[in-house]
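Written below as structure tokens is the structure these notes are about.
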């Protein structure tokens, strides 16, 4: 206790001045000078007194507009009046003097400091210390643990008293923490906790990266070992392959020399045969020319002989034709004369018939047109009648259907009426002699019960009202308790949700950052992806489809197996083709930014036997069937996981490996790998590691979870605000319920007595008529119901019969109209049919006459033409007969001349044929010799072609072998030939060994040759990250140590301050209340640094009671006692009291002011008051007026020691 008081004993600071411009109702520059002691600020309501309190709170850094009685921060700026325009800025400057050791900062050397805050309507805000711009945090740190902050307990405004008493115990801690001087420790602890959270977050990220890198490191280690085995196999394959290829090349070289020698010999023989063949062909060509010349001359002579024979035959035929033509022309002339006479007779007959047909055609044409016009009118009339008929028939059918329904309803209604009449007669027979007695007894009972009912209704209403009030009272209390419990639960849930969101957000941010920064990926891969994202304008890079790590998704139970199977290939890039990888590799080499691996979109598939599942082997399934991926990347998935089988355990994998014919990569659910060569890769994974598939899933799940938590948080916030409002309303409803209950209780007693008397009278009457009345009442009710039903049914029946009569009349009229229309339609149709038949016969006759007339005109024209033709034929026949006789004479002379030429030509043909046969025999002998020569050349050519083919094949094989060796090993076979020329080798054994090595390499699957270099680089990165993890862990431990020290110091200081304040509170309470008892207690079961503060008070002459039951004055004095207790333990430089004395009576005001005067020796008090007694204790008095509406003005009065006043404006 002594230590803490000694710690708080300082030279008191105080406020010197406050200056306001444009702040609320102070548009003009207003300066208030605060003197030591008590400064009172007085004035009428609404003049702006509390605006000075708001200005002090605001300049010290208040950020809540509600705490300074506003809705928005813009409300602190002067908003204008009728005569003044609004201002654009509010500024408050506070000068603090007599600093001394009160401020432990760089400003402790100053005698006084000036704090300024400005706010503009645009939303901009400025803070200044000694006119130097600063941060809000600087101002808060400056006044930390001085009792002068915006949140300090030394500013007690209107409504703060009830807030302190009604606050939760934990919410009252700030009063004691400020007095204990641990606010700075608490701020440091909060800062340390924030640093701890950030450090833990960084540590989590580093551990995630380490896990990722370690996973890659382990993977690369396995790949490096695999690459070393691969290189060993490859070197051995190279040696065997070069040896076998050298031997093969040497053998092919020897064979090439033998073929070349044979080829040259055959070419020499071919040249000799070609020379002999050319000579023989020349001689044959000369003989062929002679034979052809002889053959040509014979042909010409034969052609000439045939022409002569033809001319003779033609002349003889012509003579015969001329004789026949002369005879024919004579007979034609005679026939034509007879035909002319016949045609003239036929023309006369035709002209007579045509005249008769013209007269009949004119008559029928007029009659046809008239008939068409009349028939069109009749068809139009018939169409209208048909439409009317159809409409009437439709209405008639509808009417008949409705009549049928109506008749059915009438039958049902008549049956119902008959049943009702029978029931009524039966009831009237039974009802005979009960009516008179029932009426008398009922009348007496009715009146008695009427009076009783009125009284009971009144009594029931009162009881109901009382029950409702009691129920309402209990319900409101229950609801209030439930709402308070619900509010507590919602607040706890709100805090828990906010904490969960923070944790998941931190984890989500770390994972997303890892994903976006491509942590764990090679530098080359990161560079290519960044280049792709930024855009490759130069076109130097291939099209990059996707990262392998982004292709696959699977069930969480298979994630470890799939990640282990894919291994370090998860950071490979998918491109279009193997050729595109050249661009990417050249880009990486050119920029020296690392290495990368690339998989074509459609890689070559390896041939594998189909996998057959067998029960009991522990096989989960083929990896491809356990993952989901875009079908576009099916080839990549097949390449990466096509030969992978997932099993349950490593033992089951080993059992499968030992089985015959099983050549697959086996992966266990725990991530152990057994490849076809027998290499095992396994062990335990580091905790909290995150594979590329698991990371994607976790990001997705965290995103969904955070969205759900945020929705829940928003709902909890709404519930909390709603419950707070509802609780306030519920408390207001409990005020006047008890008073209403007393008044209603007195009325209930009177009504119960009156109801009891009437109830006895009614009981006797009820017993007499109970049986009779009940039975008769039932019969009357039944009879009444029957009469009502009969009346209703009869009324309905009459309406139905009327409707039926109307419907029958309408149907009869409609049927008559339909029949008339049918007759008219039938008559119209018959008339139209007859007209159409008559018109058709007229048109047929009309067409027939027209055809006959046209035919007759054509016949006349033809007959005249025939007569002209016959006359012309007669004249032509006479001329042609004369010409034929002359030609016949000339032709006979020609025949004699041709016979003489034919005999001379025959002797010349015989001589030429004999010479031709001699030459042709010589030619055939020469051709036989040439054919034999050519057969020999063809055989030789076949041999030469075979040799050329063998030479070409051998050359291609040698070139292929050279290029293959050059491509595989970048060495010329001629260079290695001397090295293996003298070395012997078992070719069959070497080839078998070579096939075995190739099989082992194929079983190894894809091999990352770069893994060795990448592993060493990744190991360096792993060591660096491990060192960072150690540093961060050391920082966490250091921060935890600091927090424990802060907690220890804060706990000690708080306990000492709490005990001291408790003692001072008891004393102050007793002094202010002139007796009574008060005590402060910490909540049990809570840590001292978190425990709430309970206030226990017992005013003089009263029992211990809840704080809410205190009067307004008692509440005010209790809070003042608590505040003053804090001042007595830790004197505050100043205290602002805004109308705290308003609820106090004169006696309490006197005690309050006396204590205030005692404490003013160490504390500067600024009191806003209306109480005249309080004004008397003031050292300085400021009056606030509002001479101009909306604008506050200040008048000051300072009292000297002789109580003389000095006033200034």
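The table below lists the values:
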item: Odd one out for residue 687 among (1) at pLDDT below 80; (2) surrounded by 16 or more Cβ atoms within 10 Å (Cβ to Cβ); (3) in a loop (DSSP other than H, G, I, E, B); result: (2)
item: Flag if residue 222 is free of Cβ contacts under 8 Å to residues at least 12 places away in the same chain and either surrounded by fewer than 16 Cβ atoms within 10 Å (Cβ to Cβ) or within 30 Å of residue 1024 (Cβ to Cβ) (or both); result: no
item: Residue match in the range 574-584 (condition: farther than 20 Å from residue 1002 by Cα, in contact with a helix residue (DSSP H, G or I) (Cβ under 7 Å, 6 or more places away or on another chain) and modelled with pLDDT of 80 or more); result: yes
item: Whichever residue in the range 390-440 is modelled with pLDDT under 65, part of a helix (DSSP H, G or I) and touching a helix residue (DSSP H, G or I) at 6+ places or on another chain (Cβ under 8 Å) and, among such residues, is nearest to residue 820 (Cα to Cα); result: 430
item: Number of positions in the range 649-678 that are exposed (fewer than 15 other Cβ atoms within 10 Å of the Cβ) and at pLDDT 80 or above; result: 2
item: Filtered residues of the range 65-87 (kept if outside any helix (DSSP H, G or I), in contact with a strand residue (DSSP E or B) (Cβ under 9 Å, 6 or more places away or on another chain) and in contact (Cβ under 8 Å) with a residue 40 or more places away in the chain); result: 77, 78, 81, 83, 84, 87
item: Which listed residue, of 357, 385, 329, 343, is surrounded by 15 or more Cβ atoms within 10 Å (Cβ to Cβ) and modelled with pLDDT of 75 or more; result: 385
item: Residue in the range 137-165 that is surrounded by the most Cβ atoms within 10 Å (Cβ to Cβ), counting only those that are modelled with pLDDT under 75, in a helix (DSSP H, G or I) and touching a helix residue (DSSP H, G or I) at 6+ places or on another chain (Cβ under 7 Å); result: 161
item: Selection from the range 1139-1152 of residues that are under 23 Å from residue 54 (Cα atoms), without any contact (Cβ under 8 Å) to a residue 40 or more places away in the chain and buried (at least 19 other Cβ atoms within 10 Å of the Cβ); result: 1141
item: Only listed residue being assigned to a helix (DSSP H, G or I), touching a strand residue (DSSP E or B) at 6+ places or on another chain (Cβ under 6 Å) and within 30 Å of residue 511 (Cβ to Cβ), chosen from 217, 205, 222, 200; result: 222
item: Boolean, residue 493 is within 16 Å of residue 721 (Cα to Cα) and crowded, with 16+ Cβ neighbours inside 10 Å; result: yes
item: Qualifying residue in the range 115-136 (condition: out of contact with any helix residue (DSSP H, G or I) (no Cβ under 7 Å at 6 or more places or on another chain), surrounded by fewer than 18 Cβ atoms within 10 Å (Cβ to Cβ), within 26 Å of residue 1137 (Cα to Cα) and modelled with pLDDT under 80); result: no
item: From 312, 284, 298, residue being touching a helix residue (DSSP H, G or I) at 6+ places or on another chain (Cβ under 6 Å), part of a helix (DSSP H, G or I) and over 30 Å from residue 924 (Cβ atoms); result: 312
item: Only listed residue being part of a loop (DSSP other than H, G, I, E, B), in contact (Cβ under 8 Å) with a residue 24 or more places away in the chain and crowded, with 18+ Cβ neighbours inside 10 Å, chosen from 1091, 1078; result: 1091
item: Filter result for residue 271 (without any contact (Cβ under 8 Å) to a residue 40 or more places away in the chain and more than 30 Å from residue 1012 (Cβ to Cβ)); result: yes
item: Selection status of residue 984, free of Cβ contacts under 8 Å to residues at least 24 places away in the same chain and under 30 Å from residue 959 (Cβ atoms); result: yes
item: Options 317, 305, 265; residue that is at pLDDT 80 or above, assigned to a helix (DSSP H, G or I) and either surrounded by fewer than 16 Cβ atoms within 10 Å (Cβ to Cβ) or touching a helix residue (DSSP H, G or I) at 6+ places or on another chain (Cβ under 8 Å) (or both); result: 265
item: Top-ranked residue in the range 1158-1177 [being more than 18 Å from residue 1126 (Cβ to Cβ) and touching a strand residue (DSSP E or B) at 6+ places or on another chain (Cβ under 8 Å); ranked as surrounded by the fewest Cβ atoms within 10 Å (Cβ to Cβ)]; result: 1170
item: Given (1) modelled with pLDDT under 85; (2) assigned to a helix (DSSP H, G or I), number of the condition residue 1027 does not satisfy; result: (1)
item: Output for the range 98-113, where each listed residue is at negative phi and either at pLDDT 85 or above or out of contact with any strand residue (DSSP E or B) (no Cβ under 7 Å at 6 or more places or on another chain) (or both); result: 101, 102, 103, 104, 105, 106, 108, 109, 110, 113
item: Test: residue 614 is modelled with pLDDT under 75 and either part of a helix (DSSP H, G or I) or over 34 Å from the mean Cα position of the chain (by Cα) (or both); result: yes
item: The listed residue being loosely packed, with under 11 Cβ neighbours inside 10 Å, over 60 Å from the mean Cα position of the chain (by Cα) and either at pLDDT 70 or above or over 30 Å from residue 380 (Cβ atoms) (or both), out of 799, 771; result: 771
item: Test: residue in the range 985-994 that is in a loop (DSSP other than H, G, I, E, B) and surrounded by fewer than 16 Cβ atoms within 10 Å (Cβ to Cβ); result: yes
item: Residues (in a helix (DSSP H, G or I), within 16 Å of residue 238 (Cα to Cα) and without any contact (Cβ under 8 Å) to a residue 40 or more places away in the chain) located in the range 950-977; result: 963, 966, 967, 974, 975
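The values are calculated or read from the model by the stated rules, or taken from the named source; none is laboratory data. Owing to the predicted nature of the structure, the values given are computational and were not obtained by experimental measurement. Cβ: placed from backbone, ideal geometry, glycine included. Neighbour counts: every protein chain shown.
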